[in-house]
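J.: Quick one: the structure is below, questions incoming.
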């Protein structure tokens, strides 16, 4: 199942799969489509071998599947906001031809499985956290900025059966906040037919005080400037929710997908005056996208 | 002015030195292959066949294995590879302990594989005779994920992909080819056999195709299923020459 993600570096020894922002490639999509529209999953075109090769690592020769696409995500302006905004999400991935794409949830961080037993996988994970600028939204006036940051940590994933995935991520914030975030999810993955897959399951997030406070705490100065009461936000259960996603492979090249993720803020995140008075504890994200895949052969 | 000129000279020297070192290090695989004249071929792919279910399955979805040594797939692979390589290399017969090659498994912990290096290098050194050829072509089972879940498949096999409304059967012959230097035992080249030009919605990263229920190992002794035998043999025959060509070892398209 494939959906737009902002950064992804899942890989194995033989598979390189990475989805990232690559806007210029999207412009090339139309041209590439024209070239390979009748090529089904067969090789669209052949590239010459690179002029040199590194002495280590696997050869680049062979067939590669390149996927390009675009999606849109309608999500709250900031965590706790009651208004949402639609933003474009480019899709790009490259992997060995035929390599199966592992199931991914929309909330998953970008991860690499360094331990891979098939049904049990574990490794490092990372997630980008966008900045929150007080002057971007009227609800935040006077609350001060929270810088962009990353959360780095580890993940574990377990498939008791092929159609059920459980996943946990534990991440330490660097930059925007300096707290700890733990995400838990479970997904039932149902292939309705070979081309059409539906998945759904519950979500839960726990955050430490240092992860919650920068976004939901209000000190005396901010309270005076924003006209909100002082609030000392502490950590704990942050949100609970559920998600569902569907993907349909129109043909070997085209795939469309969509997802809805709902979360209900809990604890001090929900109790913060920013959310209680100016926002909403109900947070819904809707995503939709389409991607086109074609094979490239490197001699 | 003089100082900036000196800086530019220093930078030029550094760039030149780095470039020369890089060129020396980046000796291409093609250049190494040019030095290989005599090769031996080792195949350890086809001793058993796995039978697995994935997708929407019951709770007990463990895979089973059946012996298919009687099909002589490894002899077929050696024979076909010999034919494909004979134009470029002198292929010499070699003897080896096939079981030792099939027993090698990748560690599920990726860093362990990086630290221990390629285990087939040592096996070629200790389990193959004669020694002293310029290179050894080692053909062994490859492993891959199938479907979006955690299912892994390896080597020769039959897999049923179950969905809510229908299920499909696939056969696969996943293998990888290494060229090992006969003097240093370094891996000169390594490649996994590529998918054939099939257009199924669910593909494997290697030779595979859709088949009907008559190919299923559950309908009798798989070793006696001539449909299955013929289809697997065809997968290997069609993919081997193209993989050797992709590795620049043969030009047999």
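J.: Out of B:174, B:196, B:204, I need the residue that is modelled with pLDDT of 90 or more and in the same structural domain as residue B:143 (by TED's automatic domain parsing). Which one? Step through it out loud before you land on a result.
T.: On the way: B:196 fails: modelled with pLDDT of 90 or more; B:204 fails: modelled with pLDDT of 90 or more.
None of the others qualify; the one that does is B:174.
J.: Go through the range A:62-87 residue by residue and tally those that are modelled with pLDDT of 90 or more and either within 14 Å of another protein chain (Cβ to nearest Cβ) or in contact with a strand residue (DSSP E or B) (Cβ under 6 Å, 6 or more places away or on another chain) (or both). Walk me through it before giving the result.
T.: Of the residues in the range A:62-87, the ones modelled with pLDDT of 90 or more are A:68-87.
After this cut, where a residue has to be either within 14 Å of another protein chain (Cβ to nearest Cβ) or in contact with a strand residue (DSSP E or B) (Cβ under 6 Å, 6 or more places away or on another chain) (or both) as well, the list is A:68-78, A:84, A:86-87.
Qualifying residue count, the range A:62-87: 14.
J.: For the range B:223-241, give me the residue count where each residue is without any contact (Cβ under 8 Å) to a residue 60 or more places away in the chain and surrounded by fewer than 18 Cβ atoms within 10 Å (Cβ to Cβ).
T.: Restricting attention to the range B:223-241, the residues satisfying the condition of being without any contact (Cβ under 8 Å) to a residue 60 or more places away in the chain are B:224-227, B:230, B:234, B:238.
Filter once more, so that each one left must be surrounded by fewer than 18 Cβ atoms within 10 Å (Cβ to Cβ): B:224, B:226-227, B:230, B:234, B:238.
Qualifying residue count, the range B:223-241: 6.
J.: Looking at the range A:163-206, which of its residues are outside any loop (DSSP other than H, G, I, E, B), within 9 Å of chain B (Cβ to nearest Cβ) and surrounded by 21 or more Cβ atoms within 10 Å (Cβ to Cβ)?
T.: The answer is A:165, A:189, A:191, A:197, A:199.
J.: Filter the range B:72-119 down to the residues that are within 14 Å of chain A (Cβ to nearest Cβ), surrounded by 13 or more Cβ atoms within 10 Å (Cβ to Cβ) and either in contact with a helix residue (DSSP H, G or I) (Cβ under 7 Å, 6 or more places away or on another chain) or not in a helix (DSSP H, G or I) (or both) and list them by number.
T.: Matches in the range B:72-119: B:106, B:107, B:108, B:109, B:118.
J.: When you scan the range B:158-186, how many residues do you find that are within 11 Å of chain A (Cβ to nearest Cβ), farther than 17 Å from residue B:216 by Cα and under 13 Å from the mean Cα position of the chain (by Cα)?
T.: Of the residues in that region, 5 qualify.
J.: Check off (1) closer than 22 Å to residue B:50 by Cβ; (2) surrounded by fewer than 15 Cβ atoms within 10 Å (Cβ to Cβ); (3) within 11 Å of chain A (Cβ to nearest Cβ) for residue B:147 and give me the number that stays unchecked.
T.: So residue B:147 meets the others, but not (2).
J.: I'd like to know if the range A:182-193 contains one or more residues that are over 21 Å from residue A:286 (Cβ atoms) and touching a residue at least 40 places away in the same chain (Cβ under 8 Å).
T.: No.
J.: Limited to the range A:116-130, what total is found for residues that are surrounded by fewer than 21 Cβ atoms within 10 Å (Cβ to Cβ) and at pLDDT 95 or above?
T.: Within the range A:116-130, the subset surrounded by fewer than 21 Cβ atoms within 10 Å (Cβ to Cβ) is A:117-120, A:122-124, A:126, A:128, A:130.
Keeping just the survivors that are at pLDDT 95 or above gives A:122-124, A:126.
Residues meeting the conditions: 4.
J.: Continuing with this model, one more query. Could you tell me which numbered condition residue B:59 fails, if it satisfies all but one of (1) within 14 Å of another protein chain (Cβ to nearest Cβ); (2) crowded, with 16+ Cβ neighbours inside 10 Å?
T.: If we test residue B:59 against (1) within 14 Å of another protein chain (Cβ to nearest Cβ); (2) crowded, with 16+ Cβ neighbours inside 10 Å, just (2) comes out false.
J.: Taking the range B:159-176 on its own, how many of its residues are assigned to a strand (DSSP E or B) and out of contact with any helix residue (DSSP H, G or I) (no Cβ under 6 Å at 6 or more places or on another chain)? Break it down stepwise before answering.
T.: In the first step, residues of the range B:159-176 are kept if they are assigned to a strand (DSSP E or B); the result is B:159-162, B:167-173, B:175-176.
Then keep just the ones that are out of contact with any helix residue (DSSP H, G or I) (no Cβ under 6 Å at 6 or more places or on another chain); that gives B:159-162, B:167-170, B:172, B:175-176.
Here the count works out to 11.
J.: Answer with yes or no whether residue B:124 is in contact (Cβ under 8 Å) with a residue 40 or more places away in the chain and part of a helix (DSSP H, G or I).
T.: Against the criterion (in contact (Cβ under 8 Å) with a residue 40 or more places away in the chain and part of a helix (DSSP H, G or I)), residue B:124 qualifies.
J.: Here is a further query. Go through the range A:100-115 and report how many residues are modelled with pLDDT of 90 or more and within 7 Å of another protein chain (Cβ to nearest Cβ).
T.: Matching residues across the range A:100-115 total 2.
J.: It is to be established whether one or more residues within the range B:132-144 are out of contact with any strand residue (DSSP E or B) (no Cβ under 6 Å at 6 or more places or on another chain), at pLDDT 90 or above and outside any helix (DSSP H, G or I).
T.: yes
J.: So, of the residues in the range B:32-47 that are in contact with a helix residue (DSSP H, G or I) (Cβ under 8 Å, 6 or more places away or on another chain) and modelled with pLDDT under 90, which turns out to be nearest to residue B:170 (Cα to Cα)? Give the derivation first.
T.: Looking only at the range B:32-47, we keep the residues that are in contact with a helix residue (DSSP H, G or I) (Cβ under 8 Å, 6 or more places away or on another chain), and these are B:39, B:41-47.
So of that shortlist, the ones also modelled with pLDDT under 90 come out as B:46-47.
Numbers: B:46: 17, B:47: 19 Å.
Within the range B:32-47, the match that is nearest to residue B:170 (Cα to Cα) is B:46.
J.: Given the conditions (1) under 14 Å from the mean Cα position of the chain (by Cα); (2) at pLDDT below 85; (3) surrounded by fewer than 21 Cβ atoms within 10 Å (Cβ to Cβ), and given that residue B:246 satisfies all but one, which numbered condition is not satisfied?
T.: With (1) under 14 Å from the mean Cα position of the chain (by Cα); (2) at pLDDT below 85; (3) surrounded by fewer than 21 Cβ atoms within 10 Å (Cβ to Cβ) applied to residue B:246, the lone miss is (3).
J.: What is the number of the single condition among (1) over 24 Å from residue A:185 (Cβ atoms); (2) surrounded by 20 or more Cβ atoms within 10 Å (Cβ to Cβ) that residue A:239 does not meet?
T.: Of everything listed in (1) over 24 Å from residue A:185 (Cβ atoms); (2) surrounded by 20 or more Cβ atoms within 10 Å (Cβ to Cβ), residue A:239 misses just condition (1).
The values are calculated or read from the model by the stated rules, or taken from the named source; none is laboratory data. As the structure is a computational prediction, the values presented were derived from the model and not from experiment. Here the Cβ is made from the backbone with ideal geometry for all residues, glycine too, and neighbour counts use every protein chain on show.
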